[in-house]
Amino acid sequence: MRIFTFLTFVLLLIHQSFSLSRPQCHSCEQTSCNCSGQNLTTVPAAPSKLITQLDLSCNELRTIMKDDFAAFASLRSLIMNNNSIQKIHEQAFVPLTNLEKLDLSFNKLEMLSAGWFENLVSLQHLNLLGNKYKMLGQGNLFQPLKKLKTLYFGGPELQSVRKSDFSGLSGLEEVVFDGKNLKDYKRGSLREVGPVKYVTLGLNGPFKENQVLAETILSDVVHPNTTLTFTDTRFTKDTYMSPFRAAYHGGTTSVIFKNVVMTISAFLAFMNWMSDSRLSMVTLEDSKLVLRLSGGMSFPSSMGHLEAIVVKNVDVPAFYLFPALIGDESLLPVLRRVTVQKCKVYLLPCESAATLTRLEYLDFSDNLITDMALSNIMCNGDSDFRLLQTINISRNYLHSINSQLFTKLNELKNIDMSGNIFHKMPDICYWPPSLHFLNLSSTRLTKVTTCLPVSLRVLDLSDNDLTVFNIELPSLTDLYICGNKISHLPDGGLYPSVVFVSIQNNNLHTISSKSLNDYNSLTSLEAGANTFVCSCDFIAFMTTGWTNHRVTIGDEFKSYICESPDSTRGKSALDARLSVFECHTALAFSLLCSGILLVFLLVAGLCHKFSVLWYMKMTWAWLRAKRKPKLKKGELEYDAFVSYSDMDSGWVETYLVPELEQAEPPLQLCLHKRDFVPGGWILDNIMDAIEKSHRTLFVLSQHFIRSEWCKYELDYTHFRLFDQNDDTVVLILLEPIDKDTIPKKFCKLRRVMNSRTYLEWPDDDGQIPRFWHSLRTAIKRPETDHKDHLEFDNTDV
Ligand SMILES: *[C@@H]1O[C@H](CO)[C@@H](O)[C@H](O)[C@H]1NC(C)=O
Ligand SMILES: *[C@@H]1O[C@H](CO)[C@@H](O)[C@H](O)[C@H]1NC(C)=O
Ligand SMILES: *[C@@H]1O[C@H](CO)[C@@H](O)[C@H](O)[C@H]1NC(C)=O
Ligand SMILES: *[C@@H]1O[C@H](CO)[C@@H](O)[C@H](O)[C@H]1NC(C)=O
Ligand SMILES: *[C@@H]1O[C@H](CO)[C@@H](O)[C@H](O)[C@H]1NC(C)=O
Ligand SMILES: *[C@@H]1O[C@H](CO)[C@@H](O)[C@H](O)[C@H]1NC(C)=O
C-alpha cells in the first residue's frame, strides 16, 4: 500500500514537472494565441481548450513531442514556420482532427512521415516549403488529405518526385512547387491531381541544367485554365526557355514571372515559343529585366490571342532602351490591355503608341511621365486609341490637367489622374462626352471649377485641399471627397443622381436630416472623422435619426467623434450626452418659471388655508400693543367691552345694554357700534377698547363664531390671556354651541370654555334676573385692590 502511494506521488510529480516545464504564451486572446518570435523551445501550454489558432512561428522549436498538442484539440490553424524543427513524433498531430491549416515551412525536417497526416482529415492548407527533405516521404504521403486545397512543397534539398507522391489528392486549387535543385521527376506525377487553377514553379536548377526535366514538369501542370507562375528563377539564356514548348502545347493562357531575372532575349525566346499559342496574358512582376541581347531581336510571328501585358515593379537597369522593345509592330497591334506600373517609364513615343490600335486599357501609373511625355503618348490629342476606355496615369509627374489630349477618344470612360500635382484646374475643359469616371484624388487641388464634366458618374476628389464642393453634376452617382477641408455637406440639389457620398475626414460640423433630404437618390453616406459640433440636434439625429432614414451610414458609427463642445470632445456622437438646459433652453426655462409660479401659488394657497396672513396681522397688532404702557385700574374708561356679532346686536341692544347701563350703579359698556372712533383701523379700535375696559364680554353664538372681526377681538384677548394670565374674560352663551364647531385657531377659547364656567342665557324667563345678577357681579370693578373673584360658581345659572 505504501509503495502504491509512493508511486502515485512520483507519478504526480512527474506529471507536474511536465506541465510545469511547458512555457506560457503571453499573447493569447480568447481563441487564438500568437506566440510568434518568443524564443520558445517547446510548445507552450494551452490556455484553454478553445484555442483554434496557434502561431508558433519564428521560435526555437526543435522537436515536436507526442503530447505537445494533446490540449489543442480545437485547433484549426497551426503555424510553425521558421523554427528549427527536426523531428515530429509520428502521433503528434493525432488530436488535430479539426486542423485546416498547417505551416511547417522553413524548418529542418529531413524526413516527412505519412503518420503525421493520418488524422488531419480536415486539412485544407499545407505548407512544407524550405525544409531539408530529399523526398516526399515514402510515398502516398498526402493520401489522407481528401480536403486539401493548397499544397506548398519542396525546398533546396528536394531531389526527386515520384508518381505515388500525390496519389489521393484531388480538388487542389493551388500548388507551389519549389524544385530549384530537383534532379528526378517521374512523368505524370503532378498530372495525378488534375488541373489546378494556380501553379507556381520555382525550377531554377532544371531550367538551367535540365530543360527536359523542366519541360516534363510543365507538361504535367499545363492546362488552359491554369495560371502558371514562375518564380525565383534566372532566365538568362534563350536556351533555358525551351520547356515552354509544353506550355504552348498545353494551351496555357496566362503566364506570370515573379521575382525572376530575365534577359530581353530570353523573354523574346519565351514569346517565340508561345508564338501562335493561346497565350492571352503575360505578367512580369517584382523582377529584373536585363537588356542583354544575344544575336538580333526576333519577334514572334503571331500572338493572335495575346490581350494583356502586365509589367509591375520591374527594374530595367538601362530603362531608357525599354520603349524600343515594345515598339514591335507584330506584338503591339493585338494588345487590348497594357499595364506598365512602377517601372520608371518616362516616355512612350507617339509612333509606338500609335500602333496600339486595339488598346482598351492603358495603365502607366507610378512612373515618371510628365505633361510633355503624356502629350507625346497621346500624340497631342490625335492618338489612334479609338477603343481606349480606361487610362491610368496616376502617380506620375503631371502638373496640369490637359483635357484636350482626350477629347477625341469617343470610348474613353475612365481617367485616373490621382497622385499628380495639379494645384488648380482650368475653368473650362474638353472631355469626351463618354467620360464617366474621373479620379483626381491627392492632386492638391484647392478649388473645383466647371472643368468637371457633366457626364461624370464617379468622381474622386479625396485628399485635396478643397473647402467647398459646389459644381452641378446631374449624372453623378458616387462622390468621394474625403480628406479635404469642406465644412458643409454639398448642396444635394446639385447632385440629383448621387447614391453614395464619402466625405470623411473633412471639417463638417453637422449632418442633419434636412440636408440629407436634399439629395434625391442618396442611400449611403460615409462621414466619420469630421470635426463635429455635437449640438443637441446632431446628437439626436445620430442616435435616432438614422433608424428610419432613407440614407444609411456606410462607415462605422464610432468614427463620428465630437470636436466640441468641450464636455463632449473626443466622445463618439452616440455616447455624448448634453444636459437638458443645453438641449431645450426655451422649454427648460418655461418649465422652471411654471415651477416657480406653482410653488408661489401653493404657498399662497397654504397661507390662505392656514390663515397665515391673519396670524401675521395679529402678531403685529399684538406687538404694537405690547409696547404701549398698560393702563392702571383707575384709568380704565369702561367696565366692559362687549364683543358680539352684528347678528346678535338685537339682543345686546334690547337686553344687555339697558339692563347693565341703567342699573344701579350703572356700568359703563363699550360697544363697537357706538364707541369706536370712526375711521380708525378696526383692530386698533378693538385693542384700544379692550385695553381701556375692565372686562371683555364675549357674547357667544353661532354668529359670533362665524363673524370675522369678532375673531380679532377674541384673538387679541387670546394673546392677552396668554400674556398676563388674568381673568378679564367673561363669556355669555346666547345659545348652546358645540365646542367642536369652534375653529381650531381659537384653541384658547375652547380651553377657556372647558376650564371656566360661562353664563348661559336662560330659556326660562324666571331665571333671567339671576343671570343679570351674575353678570353684574362678574363685571363689577372691585373697590379694593384684591385679586378679582369671579363668581362663576354654578354651571346651571
Ligand atoms: C503573429 O504576429 C506576427 C508579428 O508579431 C505577425 O507577423 C503574424 O501575422 C501574426 N500571426 C497571426 C496568425 O496573426
Ligand atoms: C529572443 O532572443 C533574442 C536573442 O537572444 C533576444 O534579443 C530577444 O529579446 C528574445 N526575445 C524574447 C521575446 O525573449
Ligand atoms: C523564414 O525563413 C525564410 C528563409 O530563411 C525567410 O526568407 C523568411 O523571411 C522567414 N520568414 C519569416 C516570417 O521570418
Ligand atoms: C475552364 O473554366 C471554365 C469556367 O471557369 C469552364 O467553363 C471550362 O470548362 C474550363 N475549361 C476546361 C478545359 O476545363
Ligand atoms: C490605377 O493604378 C493604381 C495603382 O497604381 C490603382 O490603385 C488604381 O485603382 C488604378 N485605377 C484604375 C481606374 O484602374
Ligand atoms: C482613386 O485613386 C486612389 C489612388 O490611386 C485610389 O486609392 C482610389 O481608390 C481611387 N478611387 C476610386 C473611386 O477608384
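The values are calculated or read from the model by the stated rules, or taken from the named source; none is laboratory data. Just so it is clear, the structure is predicted and the values come from calculations on it, not from any experiment. Positions of Cβ are generated from backbone atoms using ideal geometry, with glycine treated the same way; all protein chains shown enter the neighbour counts. Accessible surface areas use protein heavy atoms only, side chains included; no ligands, DNA or RNA. Shrake-Rupley method; radii C 1.70, N 1.55, O 1.52, S 1.80 Å.
Annotations
- A residue that is within 16 Å of ligand 2 (Cβ to nearest atom) and either within 35 Å of the chain's Cα centre (by Cα) or among the polar types (S, T, N, Q) (or both) occurs nowhere in the stretch 88-100.
- Only one of the listed residues (Leu388, Leu374, Leu362, Leu356) is open to solvent by less than 20 Å² (accessible area, probe 1.4 Å), away from ligand 4 (no atom under 16 Å from the Cβ) and more than 48 Å from the chain's Cα centre (by Cα). That residue is Leu356.
- The stretch 25-51, subset of a type outside the set (A, V, I, L, M, F, W, C) and within 11 Å of ligand 1 (Cβ to nearest atom), residue nearest to Pro95 (Cα to Cα): Ser32
- The one condition from (1) among the β-branched types (Val, Ile, Thr); (2) buried (at least 18 other Cβ atoms within 10 Å of the Cβ); (3) modelled with pLDDT of 95 or more that Val345 does not meet is (3).
- Index of the failed condition, Ser19 passing every other in (1) in a helix (DSSP H, G or I); (2) at pLDDT 95 or above: (2)
- Any hit, the stretch 145-154, residues being β-branched (Val, Ile, Thr), assigned by TED's automatic domain parsing to the domain that holds Met111 and either surrounded by fewer than 23 Cβ atoms within 10 Å (Cβ to Cβ) or away from ligand 5 (no atom under 16 Å from the Cβ) (or both): yes
- Any chance Leu368 is at pLDDT 85 or above, within 50 Å of the chain's Cα centre (by Cα) and open to solvent by less than 20 Å² (accessible area, probe 1.4 Å): no
- Pro300 vs. criteria under 29 Å from Leu435 (Cβ atoms) and modelled with pLDDT under 85: no
- Residues within the stretch 507-522 that are open to solvent by less than 60 Å² (accessible area, probe 1.4 Å), in a loop (DSSP other than H, G, I, E, B) and either among the hydrophobic types (A, V, I, L, M, F, W, C) or touching a strand residue (DSSP E or B) at 6+ places or on another chain (Cβ under 7 Å) (or both), tallied: 3
- Flag for Thr239 being under 30 Å from Lys163 (Cα atoms), assigned to a helix (DSSP H, G or I) and at pLDDT below 95: yes
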